[in-house]
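Q: Would you mind keeping the following structure in view while I ask a few things?
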Amino acid sequence: MFKIGDFSKLTKVSVRMLRYYDEVGLFKPAKIDDFTGYRYYSAKQISQINLIVSLRDMSFNIADIAVIIKENSNEKLEEILKVKSEEIKNNIRAEEIRLKKINSAIKDMKKERINMSYNVTLKSLPSYRVISLREVIPAYEAEIMLWGRLREYVTKNNIPCNNVAYTTHHDEGYKEGEVDVEIVMGVDKLIKDEDGFIFKETEAVEQAASILVPGDYSNLAGAYNFLANWIEENGYSMSGIPRQVAMKGPWNEKNTEDYLTEIQIPVKK
């Protein structure tokens, strides 16, 4: 079971929306502690919340989503999506994003889905000497601006760096809008902090569940789903903030299929 904040991070659905879906009866937690009132969620619920989010992004309202979830029929869902697609074709250009999502969903239902399987590794994470840049940015996608600033700073100041580089998100859960993001890059030695660039030693992690995710960043959602199920099925729980380690990306690979990201989630029994 996962606390609401941890479940939010794994599914990229904000804590606020999870509580709202609970209140309206659309998506209930797997368990509510009778004494504390804390909500707990299961990894097996991830596929359903992903469907709810997709339908929400396609502009279906709560009542319609509830009917679709209750029907639990791919044929019925495909019929509904086709109707919605025809409606959007008559809307203004701003609706084209939703139209693409619906067409993509219909196409996906007509072909056999390929379930990716990952090799999970349990390993310790050592303490690193790093340069860190942490800021509240407008959205997760703006993280690339932080990396640009960090690379410019280390290049300008001739700071020797190594191959350690990863991102951590410090909010309680996934957020829509402004987010607290920290990026770090490994350095050979620690020097004086300057202009928001912090030099420090990270804390070692005794045990982390790790998987390598090849390909485009869109694969990360499915990878988090896989790793969440592995953690739950093997009797572990999250014990720290997940890291996304950028091993290959747009800075050294032209083809998105050649990207490589490692997800590291601290765990304990």
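The values are calculated or read from the model by the stated rules, or taken from the named source; none is laboratory data. This one's a predicted model, so the numbers in the text were calculated from it and none came from an experiment. In this analysis, Cβ positions are derived from the backbone assuming ideal geometry, glycine residues included, and neighbour counts consider all displayed protein chains. Accessible surface areas use protein heavy atoms only, side chains included; no ligands, DNA or RNA. Shrake-Rupley method; radii C 1.70, N 1.55, O 1.52, S 1.80 Å.
Q: Would you mind telling me which residue in Ser218, Ser237, Ser42 has the biggest mean-square fluctuation in a Gaussian network model of the chain, where springs connect alpha carbons within a distance under 10 angstrom?
A: Top of the fluctuation ranking is Ser218.
Q: Which order do you get for Trp147, Trp251, Trp230 if you rank them by accessible area with a 1.4 Å probe, largest at the top?
A: Putting Trp147, Trp251, Trp230 in descending order of accessible area: Trp251, Trp230, Trp147.
Q: Given that just one value was derived from the coordinates, which of (1) 82, 40, 36; (2) 53, 42, 35; (3) 60, 50, 33 is Cα extents along the principal axes in Å?
A: (3)
Q: So if the hydrodynamic radius of the range 1-90 is defined as the Kirkwood radius over C-alpha pairs, what does Stokes-Einstein give as its diffusion coefficient at 4 °C and 1.567 mPa s, in µm² per second?
A: Value of D from the Cα-based Kirkwood radius: 92 µm²/s.
Q: Got the relative contact order for the chain handy, in percent, Cα pairs under 8 Å and 6 or more residues apart?
A: 21 percent
Q: Another question, then. For the range 133-157 and the range 235-269, what is the separation of their C-alpha centers, rounded to whole Å?
A: Centre-to-centre distance over Cα atoms comes out at 18 Å.
Q: Let me ask something else about it. Using alpha carbon centroids, what distance separates the range 23-96 and the range 2-22, in Å?
A: Going from one Cα centre to the other spans 14 Å.
Q: Report Lys268's accessible area, 1.4 Å probe, all protein chains in place, as a number in Å² to the nearest 10.
A: 110 Å²
Q: Largest first, what is the accessible-area ranking of Met238, Met1 with a 1.4 Å probe?
A: Ranked from most to least accessible, the order is Met1, Met238.
Q: What part of the accessible area of the chain, given as a whole %, is carbon or sulfur when the probe is 1.4 angstrom?
A: After summing per-atom areas, the C and S share lands at 48 percent.
Q: Charges only on Cβ, +1 for Lys and Arg, -1 for Asp and Glu: so what's the dipole of the range 124-242 about the Cα centre, in debye to the nearest 20?
A: For the range 124-242, the charge dipole is close to 560 debye.
Q: Please list Ile137, Ile144 from largest to smallest accessible area, probe radius 1.4 Å, with all protein chains kept in place.
A: Ile144, Ile137
Q: Related question: Can you pull out the GluC sites (Glu not before Pro) in the range 130-235 that DSSP calls coil and that have at most 15 other Cβ atoms within 10 Å?
A: Hits after loop and neighbour filter: Glu172, Glu176, Glu178, Glu203.
Q: Run the dipole for the chain about the Cα centre, Lys and Arg Cβ at +1, Asp and Glu Cβ at -1, nothing else charged, and hand back the magnitude in debye, nearest 20.
A: I would put it at about 320 debye.
Q: So between Glu75 and Ile106, what do we pick up on full extension, going 0.36 nm a residue minus the alpha carbon distance?
A: 10.2 nm
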